[in-house]
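The values are calculated or read from the model by the stated rules, or taken from the named source; none is laboratory data. Keep in mind it's a predicted model, so treat the numbers as computed, not measured. All Cβ positions, glycine included, derive from the backbone under ideal geometry; neighbour counts span all protein chains shown.
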Amino acid sequence: MSAPLLGVEGLSKRFSRGGKNFAALDGVGFSIAAGETLALVGPSGSGKSTVARILLRLVEADAGSVHFQGQDLLALRGPALRAVRAKLQMVFQDPQAAFNPRATVARLLDDPLRIHGVVDRSERPKAIAALLARVGLSAELAGRAVHEISGGQRQRVAIARALATRPSLIVLDEAVSALDVLVRADILRLLAELQREQGIAYLFISHDLGAVRAIAHRIAIMDGGRIVEQGAARAVIAAPVSATGKALVAATPELPVSKETVS
Amino acid sequence: MPLLSIRGLGVRYGNNVQALDGVDLDLGAGERLAIIGESGSGKSTLARAVAALLPPTATLQGKVTWPELGRVARNGRDIGFVFQDPASSLDPVISVGDQVAEVAHVNLDMAWPAARRLAGELLDRVRLPEPALLASAYPHQLSGGQKQRVAIAAAIAAGPRLLIADEATSALDTIVQAEIVALIRRLVDEDGMALLFVSHDIALAANLADRIAVFRHGRMVELAATGDLIAAPVSDYTRALLGAHLGLGAALGAGA
Ligand SMILES: Nc1ncnc2c1ncn2[C@@H]1O[C@H](COP(=O)(O)OP(=O)(O)OP(=O)(O)O)[C@@H](O)[C@H]1O
Ligand SMILES: Nc1ncnc2c1ncn2[C@@H]1O[C@H](COP(=O)(O)OP(=O)(O)OP(=O)(O)O)[C@@H](O)[C@H]1O
Ligand SMILES: [Mg+2]
Ligand SMILES: [Mg+2]
């Protein structure tokens with residue numbers, strides 16, 4: 001088998017809190033193939049976002065390695081890191097918090113195009129319109145400020161911004177969790193479509209197993225900084241083996257199938 | 001005679017936002033009603049109108065009455081209110097035990113020693129771990145789920161007839177959410193409280209409520225017994241919400 005797009009091995013990270021030192025990550029390993037979606041699920045505090053922050057180089061790992069497109073990601077510095085960062089993008093739960101609320105949509109999309117020199121200056125307005133169209137937004141939104149658009153529209157802008165640099169992997173940390181169900185279904189459809197068309201891989205971080213089941217090929221379940229179960233998403237959700245996996249499945253609210261099953 | 005009767009309720013914020021319009025609704029004693037709908041549909045506005053917690057900028061049309069009480073319900077005494085963000089309803093500089101005790105002290109005219117004893121019992125009832133020890137803890141020393149247990153203990157301290165939970169589990173992870181929902185169900189059963197459960201999660205609502213009211217753009221578009229609403233929704237909007245629910249079962253959420 002060829003090398004995976006992303007290979008993570010033995011990732012460990014300790015934090016101190018209230019004078020106590022504890023392991024937020026303890027030997028985490030997984031891989032993602034090109035064009036694949038891996039879901040990282042687990043209870044609050046299990047370490048999911050810490051994994052994402054290490055991949056994005058926002059937090060330094062204590063131990064372990066991350067290989068992305070054949071390169072040792074954690075060893076990269078300066079221009080080499082910037083070049084790789086273009087291929088590894090991130091979308092957070094609340095894009096409002098991540099964006100300057102007074103910045104216009106056009107400005108948000110222009111930044112990555114400019115910083116990574118994706119297209120010439122004269123081509124950028126066209127590229128911005130194309131990105132908006134790509135995520136199902138009208139070009140007329142370009143002039144609006146971030147605080148003047150809805151939550152669902154903001155999440156689409158965040159995805160468009162991540163797409164600007166033509167990434168091969170997007171880390172989505174609870175990216176659909178705050179959205180209304182109808183909007184969430186739309187965004188999940190959009191992500192699946194982008195993956196089909198452009199072969200983008202996703203690391204989909206969530207504690208919503210319903211969304212995971214709808215979008216992920218594989219799943220890794222975390223608890224207490226470790227991966228406690230890993231496998232094909234639907235198979236694991238149908239018959240989890242780990243205690244955490246069982247608890248997550250049992251806790252996921254299901255619609256009563258018919259009146260008979262409503263107790 | 002219903003516990004709560006809502007007739008022609010409308011709420012307008014400032015001069016331009018009609019957040020609720022023409023809502024008619026009854027809630028029986030001990031009945032569990034879920035309010036669902038998308039962001040901005042007016043769910044919290046309804047909950048706050050019932051508890052008389054609307055901001056002064058809001059103007060009210062129609063009537064909220066309490067036929068069974070024969071008087072206006074008092075928040076704290078007759079109504080317990082649990083918010084989405086427990087941090088916002090708990091005072092950061094008062095121990096959690098005293099916050100629960102204060103509700104009993106203020107609303108039941110209970111002397112402090114008795115109120116503190118009651119608080120200890122309530123923290124035990126909501127299954128706060130080591131209640132005797134954690135009663136003297138401050139909110140920031142508790143997890144999100146533990147804070148929500150404290151907020152629920154405070155909400156039920158005066159033995160209210162109605163518990164309102166406005167997205168009380170939305171900020172919690174799935175496992176903790178299920179624990180809090182189970183706790184709410186048990187307390188409502190044990191005390192015979194009516195429940196107004198506000199949520200945007202139709203499956204969560206269906207697992208807890210006798211009836212479900214679906215809101216959209218400030219109007220109630222459907223109100224039905226839970227089983228009927230799930231099995232045979234009348235409005236297109238309810239059908240869309242049901243269709244967008246991503247379940248785990250093979251029959252549901254399939255087609256991906
Ligand atoms: N900078 C930090 N300093 C100290 N502790 C931290 C820091 N960042 C995270 N932690 C702790 O590390 C653990 C893992 O946190 P992380 O944010 O990765 O969890 P998570 O799985 O993303 O949880 P959630 O579902 O709530 O987002 C938690 O106990 C958290 O409090
Ligand atoms: N204090 C306020 N002043 C002005 N407008 C308000 C105020 N509170 C709510 N609104 C508006 O009233 C409408 C209904 O809001 P409400 O908070 O009741 O919705 P909701 O269904 O609870 O939404 P969510 O699911 O996001 O909590 C929205 O358009 C909202 O922006
Ligand atoms: Mg996180
Ligand atoms: Mg609300």
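Things to note:
- Criterion (within 22 Å of A:Ile159 (Cα to Cα), basic (Lys, Arg) and touching a His at 6+ places or on another chain (Cβ under 8 Å)) met by exactly one of A:Arg102, A:Arg57: A:Arg102
- Selection count where residues are away from ligand 3 (no atom under 16 Å from the Cβ), assigned to a loop (DSSP other than H, G, I, E, B) and within 14 Å of chain B (Cβ to nearest Cβ), scope segment A:25-50: 0
- Cβ-Cβ under 7 Å pairs, at least 6 apart or on other chains, segment A:106-126 side acidic (Asp, Glu), far side surrounded by 13 or more Cβ atoms within 10 Å (Cβ to Cβ): A:Asp110/A:Arg124; A:Asp110/A:Ile128
- Leading residue by the ranking (farthest from B:Val17 (Cα to Cα)) among those in segment B:222-242 that are among the aliphatic types (A, V, I, L, M) and in contact (Cβ under 8 Å) with a residue 40 or more places away in the chain: B:Leu242
- Counting only helices (runs of 4 or more DSSP H) that fall entirely inside segment A:51-128 and contain at least 1 residues that are modelled with pLDDT under 90, more than 16 Å from ligand 3 (Cβ to nearest atom) and away from every other protein chain (no Cβ under 14 Å), the qualifying elements are A:78-87, A:105-115.
- Selection within segment B:199-234 - aliphatic (A, V, I, L, M) and surrounded by fewer than 20 Cβ atoms within 10 Å (Cβ to Cβ): B:Val221, B:Leu223, B:Ala224, B:Ala225, B:Ala231, B:Ala232, B:Val234
- Test for A:Gly152: is it within 14 Å of another protein chain (Cβ to nearest Cβ) and at pLDDT below 90: yes
- Subset of segment A:203-223 that is within 16 Å of ligand 3 (Cβ to nearest atom) and more than 11 Å from every other protein chain (Cβ to nearest Cβ) - its residue that is farthest from B:Asp173 (Cα to Cα): A:Leu203
- Segments classed as helices (runs of 4 or more DSSP H), wholly inside segment B:12-123, with at least 2 members that are crowded, with 16+ Cβ neighbours inside 10 Å and more than 16 Å from ligand 1 (Cβ to nearest atom): B:43-50, B:96-108
- The residues of segment A:180-195 that are touching a helix residue (DSSP H, G or I) at 6+ places or on another chain (Cβ under 8 Å) and either among the basic types (Lys, Arg) or within 16 Å of ligand 3 (Cβ to nearest atom) (or both) amount to a single one, A:Arg184.
- Against the test of being away from chain A (no Cβ under 14 Å), touching a residue at least 40 places away in the same chain (Cβ under 8 Å), more than 8 Å from ligand 2 (Cβ to nearest atom) and not β-branched (Val, Ile, Thr), the options B:Leu27, B:Leu53, B:Leu46, B:Leu20 yield a single qualifying residue, B:Leu27.
- Any hit, segment A:7-19, residues being within 16 Å of ligand 3 (Cβ to nearest atom), away from chain B (no Cβ under 14 Å) and aromatic (Phe, Trp, Tyr): yes
- Boolean, B:Arg7 is away from chain A (no Cβ under 14 Å), more than 12 Å from ligand 2 (Cβ to nearest atom) and farther than 19 Å from B:Asp78 by Cα: yes
- Residue in segment B:143-154 that is within 16 Å of ligand 1 (Cβ to nearest atom) and over 19 Å from the mean Cα position of the chain (by Cα) present: yes
- Counted as qualifying within segment A:151-228 are the strands (runs of 3 or more DSSP E) with 1 or more residues that are in contact with a Phe, Trp or Tyr (Cβ under 6 Å, 6 or more places away or on another chain), within 16 Å of ligand 1 (Cβ to nearest atom) and assigned by TED's automatic domain parsing to the domain that holds A:Ser12, namely A:169-173, A:218-223.
- Any hit, segment B:134-156, residues being under 23 Å from B:Glu31 (Cβ atoms), within 14 Å of chain A (Cβ to nearest Cβ) and surrounded by fewer than 22 Cβ atoms within 10 Å (Cβ to Cβ): no
- Tally, over segment B:181-215, of residues that are within 20 Å of B:Val100 (Cβ to Cβ), touching a strand residue (DSSP E or B) at 6+ places or on another chain (Cβ under 9 Å) and of a type in the set (A, V, I, L, M): 5
- Any hit, segment A:164-177, residues being without any contact (Cβ under 8 Å) to a residue 60 or more places away in the chain and either over 27 Å from B:Gly42 (Cα atoms) or touching a His at 6+ places or on another chain (Cβ under 8 Å) (or both): yes
- Residue within segment A:224-232 that is within 11 Å of chain B (Cβ to nearest Cβ) and at pLDDT 95 or above present: no
- Set A:Arg196, A:Arg213: member being in contact (Cβ under 8 Å) with a residue 12 or more places away in the chain and basic (Lys, Arg): A:Arg213
- Residue satisfying condition, being more than 12 Å from ligand 1 (Cβ to nearest atom), within 21 Å of the chain's Cα centre (by Cα) and surrounded by fewer than 20 Cβ atoms within 10 Å (Cβ to Cβ), within set A:Leu56, A:Leu38: A:Leu56
- Residue match in segment A:184-195 (condition: within 16 Å of A:Phe30 (Cα to Cα), within 14 Å of chain B (Cβ to nearest Cβ) and under 15 Å from the mean Cα position of the chain (by Cα)): no
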